[in-house]
Amino acid sequence: QVQLVESGGGVVQPGGSLRLSCAASGRSFRINAMGWYRQAPGKQREMVATITSGGSTNYAAPVKGRFTISRDNAKNTVYLQVNSLKPEDTAVYYCNANILSTTTWATRDYWGQGTQVTVSS
């Protein structure tokens, strides 16, 4: 079993920055793509940014140029640097990882518990 643990959320003023982290732990696994998603109150969960095992990235249009996703494969960790935050960025941010079990050779998606980001003056 694999667990994803997020950290780094908080309350920040418009224009501020945060760095979200998500670390995967467990036994006998390899991580394929990782990503960040968010869900605002009353809205569906949406993709924010994804990164492949090789480092290729993809961003949702509203965050391009403001958010940066990166990963440290040695630490099984993905990061999301969020800059120039806007009130509409307020949401619970979830980490996602597509993980291969090296015992069953099956893949499945795992989700973190979520971390709240609130942008308010």
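Restricting to segment 99-121, and then to whatever is in contact (Cβ under 8 Å) with a residue 60 or more places away in the chain and within 12 Å of A33 (Cα to Cα), can you tell me which residue is least open to solvent (accessible area, probe 1.4 Å)? Per the stated criteria, the residue is I99.
Kindly evaluate S56 against the criterion of being at pLDDT below 95 and more than 18 Å from G8 (Cβ to Cβ). Spelling it out, it is not the case that S56 is at pLDDT below 95 and more than 18 Å from G8 (Cβ to Cβ).
Apart from one condition, G55 fits all of (1) assigned to a loop (DSSP other than H, G, I, E, B); (2) open to solvent by 70 Å² or more (accessible area, probe 1.4 Å); the exception is (2). Within segment 35-52, the residues that satisfy the criterion of being open to solvent by 70 Å² or more (accessible area, probe 1.4 Å) and over 15 Å from G112 (Cα atoms) are P41, G42, K43, Q44. The set of residues in segment 56-88 being under 12 Å from G35 (Cβ atoms) and basic (K, R) consists of R71 alone.
Selection over segment 1-21 of residues that are within 15 Å of S84 (Cβ to Cβ), among the small types (G, A, S) and either under 11 Å from the mean Cα position of the chain (by Cα) or surrounded by fewer than 13 Cβ atoms within 10 Å (Cβ to Cβ) (or both) gives a count of 2. Among (1) out of contact with any helix residue (DSSP H, G or I) (no Cβ under 9 Å at 6 or more places or on another chain); (2) farther than 20 Å from Q13 by Cβ; (3) open to solvent by less than 30 Å² (accessible area, probe 1.4 Å), which single condition is L85 missing? Of everything listed in (1) out of contact with any helix residue (DSSP H, G or I) (no Cβ under 9 Å at 6 or more places or on another chain); (2) farther than 20 Å from Q13 by Cβ; (3) open to solvent by less than 30 Å² (accessible area, probe 1.4 Å), L85 misses just condition (2).
Only one entry of N32, N96, N76 meets the criterion of being touching a residue at least 12 places away in the same chain (Cβ under 8 Å), on the phi < 0 side of the Ramachandran plot and open to solvent by 40 Å² or more (accessible area, probe 1.4 Å), and that entry is N32.
Take the residues in segment 90-121 that are part of a loop (DSSP other than H, G, I, E, B) and over 19 Å from the mean Cα position of the chain (by Cα), then tell me which one is farthest from Q1 (Cα to Cα). Looking at residues that are part of a loop (DSSP other than H, G, I, E, B) and over 19 Å from the mean Cα position of the chain (by Cα), I get S121.
The values are calculated or read from the model by the stated rules, or taken from the named source; none is laboratory data. Just so you know, these numbers come straight off a predicted model, no measurement behind them. Glycine also receives a Cβ, built like all others from the backbone with ideal geometry; neighbour counts cover every protein chain displayed. For the accessible areas, the whole protein counts, side chains as well, though only heavy atoms, and no ligand, DNA or RNA atoms are used. Shrake-Rupley method; radii C 1.70, N 1.55, O 1.52, S 1.80 Å.
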